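Visitor: Let me give you the structure first, and then I'll get to my questions.
The values are calculated or read from the model by the stated rules, or taken from the named source; none is laboratory data. Since the model is a prediction, treat every value here as computed from it, not as a measurement. Note that we place each Cβ from the backbone using ideal geometry, even for glycine, and neighbour counts take in every protein chain shown.
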Amino acid sequence: MAGPCLGVANSLSGKVWELRLDRAGDRLAEGIAQKFSLPEMTARVLAGRGIGEDQVADFLNPTLARDLPDPAILKDMERGAKRLAEAIENKEKVAVFGDYDVDGATSSALLARYFRSVTDVPLEVYIPDRQREGYGPNTKALLGLKERGASVVIAVDCGTLSFEPLAAAKKAGLDVIVADHHKADSKLPEAFAVINPNRLDEDNTLGNLAAVGVVFLLVVALNRELRARGWFAARAEPELLSLLDLVALGTVADVVPLTGLNRTLVAQGLKIMARRENLGLRVLCDVARLDGPPNTYHLGFLLGPRVNAGGRVGEASMGAALLATEDEGKAQRLALALDLYNQERREIEAEVESEALFQAEQDLAQRESPLVMVAKAGWHPGVIGIVAGRLREKFDRPAIVFSIDREGLAKGSARSLPGVDIGAAVLDALHHKVLEAGGGHAMAAGLTVPADQLPALREFLENKLEQAVAGARQDRRLALDGVLSANGATVDLASRLEQLGPYGPGFASPRFAFADLALIKSDLVGKNHVRTIFAGKDGGRIKGIAFRAAETPLGQALLKGRGKTFHLAGRLKRDQWQGVERVDIQIEDAAKAEL
């Protein structure tokens, strides 16, 4: 077996650098490059992600005609679609109960836009308040929808574990259709239909879908049912592809794997989004100063956080309302308000993160643990998920952040490592009655427990996750797609690599090593980002930035390393300055090149 790439066995981040491809992979890449007339690095990226020669043509041209399954393969799908078609025919009032995150907001907006195109009966969208009502359907809200005339409720991105509220809804004569993707129990709630690819009686073929993907399939099934009933004989049939911009946003923001059907949905959705036909999205892009073609970075880090901001620190319904509206003035007001809420969210998040980081460091200094678990009364529940993600990154282990309310109830958000299924662990804790409520998926979960039971929960989760975390953390490899020189990082290469996207979980964006770069300049930008300029032995110069790295060994070495030579590891990023396009390095790791 070949040694570490560039001999880096212990980088500044403590990692071993390894090329993704072995000799067999090199041969596969050569074959792909020759057969499809692709540059070597492009072929290496494909081969390094398990794309064989017989898959390349389809991979480079993802199409819904080929990749979209018959929605009926999901249990209860036809039952749910028929009930909704019946409601539309009979002019019954239908309501949506959505989650307050981006996946829930896009799911709710998608249904609102679709129903507006097929019926004159208004669809009511209900988004619960995060602090007052918490996650998922609650009995009071469902019965309130019933009192306001709804006979059918679609619960999106929630509902799979809402046993008592859905039982109460059924008793009241309300038909609830669940369209969700969170892990299910062996028991299902008393709903009219439970459409969830992660039901235990499903084959998990579509288990990676975000809720908005499930909702899109529901709309496809509903549209087909309405067509069969002759509903479109006297009215125009809606163009379902126009809804894919919302599917792309919700899928990327929910951080589900961008493989299989998800990749196709996002690839096509980005094309739709580039047409700027959704008024709310167009205005939000303008507010976020996104004026070029959108990509997954923009969805995940510019648009998603703003849609989320209403549910985190503002009014929970704002994100869904913005994405559904056709009113220019309303769109402007909502987008500007969400942008302000996003700024407020950042300030609150920074304060909570500082306190949580201090608590975690103190805790881990006293005892070794496979997870980070912190809690405090008064932490804003709208930012604890983001803070949990930051703690996971820093400490390289699952992290759970709890906010304790006035009644002594700790409501937490968990983020996990690849290979450590936090959703399954939370569900197991629920079965063992260590939790009051909880649910989620492999990489993220929400949970509720009385504050005095936190020590017992911690002990349970430590025992449950210890082995999986040890295995995940033992893998200290940094996978690289190849080695580039300063002059080799070209705009053309970056453009070709972008065309292989969308990138995300399950299909990582390309990462390269850069050998023997001399550090010419480094300084601090923002709060803790490190900006650099390097010179290569080939005479080329290239700029780089290491985000949130100032206080890490990597950042400190770069800030103090002027005149020294480094190997870098990172991703190519196209940038424009005064009309000139160039390529920078988003630095993820480094190693000193001097012997």
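Visitor: I'd like to check something: does the range 317-339 contain any residue that is basic (Lys, Arg) and either within 19 Å of residue 387 (Cβ to Cβ) or buried (at least 22 other Cβ atoms within 10 Å of the Cβ) (or both)? Working first, answer last.
Guide: Of all residues in the range 317-339, those basic (Lys, Arg) come to 330, 333.
In the following step, the residues that additionally are either within 19 Å of residue 387 (Cβ to Cβ) or buried (at least 22 other Cβ atoms within 10 Å of the Cβ) (or both) were identified as none.
No, the range 317-339 has no match at all.
Visitor: Out of 82, 146, 91, I need the residue that is out of contact with any Leu (no Cβ under 8 Å at 6 or more places or on another chain), in the same structural domain as residue 239 (by TED's automatic domain parsing) and in a helix (DSSP H, G or I). Which one?
Guide: Numbers: 146 fails: out of contact with any Leu (no Cβ under 8 Å at 6 or more places or on another chain); 91 fails: in a helix (DSSP H, G or I).
The unique qualifying residue is 82.
Visitor: What are the residues in the range 496-530 that are touching a strand residue (DSSP E or B) at 6+ places or on another chain (Cβ under 7 Å), part of a strand (DSSP E or B) and within 28 Å of residue 350 (Cβ to Cβ), if any?
Guide: From the range 496-530, those touching a strand residue (DSSP E or B) at 6+ places or on another chain (Cβ under 7 Å) are 497, 509-525, 529-530; that's our starting set.
Subset that is part of a strand (DSSP E or B): 512-525, 529-530.
Passing the criteria: 521, 522, 523, 524, 525, 529, 530.
Visitor: Examine the range 477-490 for a residue that is out of contact with any helix residue (DSSP H, G or I) (no Cβ under 8 Å at 6 or more places or on another chain), among the polar types (S, T, N, Q) and assigned to a helix (DSSP H, G or I), and state whether such a residue exists.
Guide: No; the residues of the range 477-490 include none that is out of contact with any helix residue (DSSP H, G or I) (no Cβ under 8 Å at 6 or more places or on another chain), among the polar types (S, T, N, Q) and assigned to a helix (DSSP H, G or I).
Visitor: Let me confirm something: among 536, 540, 504, which residue is outside the structural domain of residue 248 (by TED's automatic domain parsing) and either among the charged types (D, E, K, R) or under 30 Å from residue 395 (Cα atoms) (or both)?
Guide: On the way: 536 fails: either among the charged types (D, E, K, R) or under 30 Å from residue 395 (Cα atoms) (or both); 540 fails: either among the charged types (D, E, K, R) or under 30 Å from residue 395 (Cα atoms) (or both).
It is 504.
Visitor: Let me ask something else. Collect the residues in the range 451-478 that are buried (at least 18 other Cβ atoms within 10 Å of the Cβ) and at pLDDT below 95, keeping them in residue-number order.
Guide: Passing the criteria: 468, 469, 472, 478.
Visitor: Also, quick follow-up: Output the number of the condition that residue 107 fails; it satisfies all remaining conditions of (1) part of a helix (DSSP H, G or I); (2) of a type outside the set (Lys, Arg); (3) surrounded by fewer than 22 Cβ atoms within 10 Å (Cβ to Cβ).
Guide: It fails just one condition, (3).
Visitor: Name the single residue that is modelled with the highest pLDDT among those in the range 567-595 being over 24 Å from the mean Cα position of the chain (by Cα) and polar (S, T, N, Q).
Guide: Only one residue tops the list, namely 576.
Visitor: Which of the helices (runs of 4 or more DSSP H) contained wholly in the range 314-405 include at least 1 residues that are touching a strand residue (DSSP E or B) at 6+ places or on another chain (Cβ under 9 Å) and farther than 30 Å from residue 455 by Cβ?
Guide: On the way: elements: 318-324, 328-366, 384-395.
Where helices (runs of 4 or more DSSP H) fall fully within the range 314-405 and carry at least 1 residues being touching a strand residue (DSSP E or B) at 6+ places or on another chain (Cβ under 9 Å) and farther than 30 Å from residue 455 by Cβ, they are 318-324.
Visitor: Residue 176 - would you say it is assigned by TED's automatic domain parsing to the domain that holds residue 117, crowded, with 18+ Cβ neighbours inside 10 Å, over 23 Å from residue 133 (Cβ atoms) and touching a residue at least 24 places away in the same chain (Cβ under 8 Å)? Break it down into steps so the answer makes sense when it comes.
Guide: Details: assigned by TED's automatic domain parsing to the domain that holds residue 117: yes; crowded, with 18+ Cβ neighbours inside 10 Å: yes; over 23 Å from residue 133 (Cβ atoms): no; touching a residue at least 24 places away in the same chain (Cβ under 8 Å): yes.
For residue 176, the condition - assigned by TED's automatic domain parsing to the domain that holds residue 117, crowded, with 18+ Cβ neighbours inside 10 Å, over 23 Å from residue 133 (Cβ atoms) and touching a residue at least 24 places away in the same chain (Cβ under 8 Å) - is not met.
Visitor: Kindly list the number of the only condition in (1) in a loop (DSSP other than H, G, I, E, B); (2) under 30 Å from residue 381 (Cα atoms) that fails for residue 155.
Guide: Condition not satisfied by residue 155: (1).
Visitor: Tell me, yes or no, whether the range 430-447 has at least one residue that is in contact with a Ser or Thr (Cβ under 6 Å, 6 or more places away or on another chain), in a helix (DSSP H, G or I), within 30 Å of residue 13 (Cα to Cα) and in the same structural domain as residue 367 (by TED's automatic domain parsing).
Guide: Checked against the condition, which is being in contact with a Ser or Thr (Cβ under 6 Å, 6 or more places away or on another chain), in a helix (DSSP H, G or I), within 30 Å of residue 13 (Cα to Cα) and in the same structural domain as residue 367 (by TED's automatic domain parsing), the range 430-447 yields no hits at all.
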